[in-house]
Amino acid sequence: MAAFPKDFLWGAATAAYQVEGAHNEDGKGLSIWDVFSHLPGTTYQNTNGDVAVDHYHCMQEDVALMAEMGLQSYRFSISWPRLLPNGRGEVNEAGVKFYSDLIDTLLAHNIVPMITLYHWDLPQALQDEGGWEVRSTAEAFEEYARLCYSRYGDRVKLWATFNETIVFIGHGYITGSHPPSVRDPGRAIQACHQVFIAHALAVKAFREMKIAGEIGFVNVLQPHTALTNSAEDKVATELADAIHTHWLYDPVLKGHYPEALLAQTQAIWGVPRFEAGDDELLRNNLCDFIGLNYYRRETVVANPGETSTASNHNGEPNSGAEFGFKDLFKFVRNPDGVYTDWDWEIWPQGLTDGIMMIKERYGDIPMYITENGLGAKDPIVDGEIVDQPRIDYLSMHIEAMENAIAKGADVRGYYPWSFIDLLSWLNGYKKQYGFVYVDHNQNLARKRKKSYFWYQSVIASHGEQR
Ligand code: 8VR
């Protein structure tokens with residue numbers, strides 16, 4: 001029996017803001033990232049996505065590179081303000097056409113499109129009205145989702161509503177490093193609630209419109225390991241699981257929040273505040289699949305009384321600070337771990353463990369590994385991009401995924417991040433993830449990396465040759 005199911009999809013992923021550019025062309029409205037990245041000092045060396053890697057104009061060339069690689073599926077996101085410049089209301093037909101052409105081009109090459117509706121680029125017009133803190137944004141999201149279903153639902157079978165809610169809410173409302181740069185856990189929890197409601201409304205619309213496909217939610221998959229066997233570290237690790245995992249997965253897979261943590265956030269912050277009907281809406285609109293973005297695990301220790309560190313090397317929340325529990329646990333470096341240049345532990349076993357943890361808690365939910373990859377500064381040797389560490393990283397993770405499948409997990413596809421080198425939100429262009437290199441000194445010329453040819457043979461052998 002083959003290790004990977006016959007219909008298993010070998011894909012790759014990107015996101016609109018990080019590749020498209022053309023930030024104000026053909027009627028597109030501005031997103032919160034178009035505005036935020038233009039404020040001095042907000043991003044690495046003031047990089048922004050005005051041009052990014054110009055995928056908007058290079059789409060045909062990029063899809064040809066995918067086809068040559070043998071790619072079977074491509075996960076991309078739609079820029080909401082490209083379709084609805086004001087977030088709702090008037091439709092920008094030129095924007096609709098861009099994605100329609102992309103979908104047609106993919107299908108012509110037998111590449112299955114997977115759409116992410118929200119990969120962080122909220123229309124600025126909606127931010128001006130309160131962004132994710134207000135219900136009207138969730139309602140506008142439903143309108144946007146319905147527009148996408150009606151224009152693309154005849155051709156696209158795989159849909160995800162949100163990408164990595166913990167990241168855009170955590171950075172947007174707790175560390176303040178993403179727009180709208182708020183630092184307030186209570187507001188974070190309420191904004192997160194509106195995202196879950198927006199998701200449920202979009203799933204409900206998907207069913208009502210009888211779209212012939214599957215819809216899911218994409219989360220960070222981040223297993224936690226206690227540093228020691230002490231009772232304190234174990235309790236700290238359970239809390240990390242509750243905050244970083246259960247809080248994000250339970251509402252979309254079980255239809256309700258984890259009760260104990262909900263009781264605590266409501267006691268401490270008075271949030272999330274429910275409106276009439278919210279309970280039912282969440283309960284009745286569960287995902288068809290879950291998307292898992294796996295990069296690393298975190299090692300956890302109890303942290304009694306210490307309040308200083310609230311973010312790690314990447315400026316990400318790394319403690320209980322998210323929920324006002326910053327005294328209770330924190331993430332530390334695993335002394336035995338192997339780390340990337342960005343201090344992320346390389347731990348392939350965590351992918352097997354994480355998948356099995358999801359299966360155990362949520363039952364036989366179909367899963368896609370919607371992101372996995374190595375952020376690195378790739379070496380150029382005699383003009384060739386020799387990204388052997390990326391090959392090693394991906395190879396180990398494919399094996400880890402295969403082990404989970406052998407244990408009975410329903411994993412249906414694998415989408416390394418990223419198809420092409422792209423703009424990192426806060427790291428500019430120096431943190432590379434792609435199979436394809438982009439030369440920023442030469443008109444953004446594309447060049448195949450060593451990993452490009454390697455993944456080509458992985459795909460051709462259906463995962464055997466790696
Ligand atoms: C994606 C983001 C992309 C990446 C990956 C991995 C960071 C990174 C923080 O969903 O769109 O930009 O972001 O996740 O994590 O390493 O740059």
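Quick notes on this structure:
- Fraction in percent of alpha-carbon pairs per bin - 10 Å, segment 1-123: 13, 41, 30, 13, 3, 0
- Calculated [θ] (222 nm, deg cm²/dmol) that DSSP helices of n ≥ 4 give over the chain, each run adding -39,500 (n - 2.57): -11500 deg cm²/dmol
- Cα gyration tensor shape for the chain, rounded if a/c is under 1.5, else prolate or oblate: rounded
- Net length gained if the chain between F274 and H256 were fully extended (0.36 nm per residue, minus Cα distance): 5.3 nm
- Proximal lysines to K450, defined as alpha-carbon separation beneath 20 angstrom and excluding residues fewer than eight positions away on the same chain: K377, K430, K431
- Protein accessible area in segment 18-65, 1.4 Å probe - carbon and sulfur %: 53 percent
- Three-way shape label, segment 218-285, alpha-carbon gyration tensor, a/c 1.5: oblate
- A straight chain from A3 to D439 at 0.36 nm per residue would run longer than the Cα-Cα distance by 153.2 nm.
- Cβ-derived FRET efficiency at R0 25 Å, S461 paired with Q349, nearest 0.05: 0.60
- Reachable lysines from K210, criterion Cα separation under 20 angstrom, eight or more residues apart if same chain: K157
- Label-reachable residues, segment 1-43, where backbone N falls under 16 Å from a point 7 Å from Y429's Cα toward its Cβ: 18-23
- Mean projected area of the Cα convex hull of segment 348-399, taken over all directions, amounts to 4.3 nm².
- Once C-alpha pairs closer than 8 Å and six or more residues apart are averaged by separation and normalised to the residue number of the chain, the relative contact order reads 17 percent.
- Equivalent ellipsoid semi-axes - Cα gyration tensor, segment 322-466, angstrom: 28, 22, 14
- Solvent-accessible surface ranking, highest first, for D154, D233 at 1.4 angstrom: D154, D233
- Ranked from largest, the principal axis spans of the Cα set of segment 66-206 equal 47, 32, 25 Å.
- Computed accessible area, S181, all protein chains, 1.4 angstrom probe, square angstrom: 50 Å²
- A straight Cα-to-Cα reach below 29 Å connects K234 with the lysines K254, K326, K330, K359, K407, residues fewer than 8 places away in its own chain not being considered.
- Label-point gap, in nm, between K97 and A231 - each point 7 angstrom along Cα→Cβ: 6.9 nm
- For the chain, the solvent-accessible area works out to 37 Å² per residue, with a probe of 1.4 Å and every protein chain left in place.
- Hull shadow area, averaged, segment 167-206 [alpha-carbon convex hull, nm²]: 2.7 nm²
The values are calculated or read from the model by the stated rules, or taken from the named source; none is laboratory data. All figures in this text were calculated on a predicted structure; none of them were measured in a lab. Quick reminder, even Gly has a Cβ in these numbers, built from the backbone with ideal geometry, and neighbours come from all protein chains shown. The area values use the complete protein model at the heavy-atom level, side chains included, leaving out ligands, DNA and RNA. Shrake-Rupley method; radii C 1.70, N 1.55, O 1.52, S 1.80 Å.
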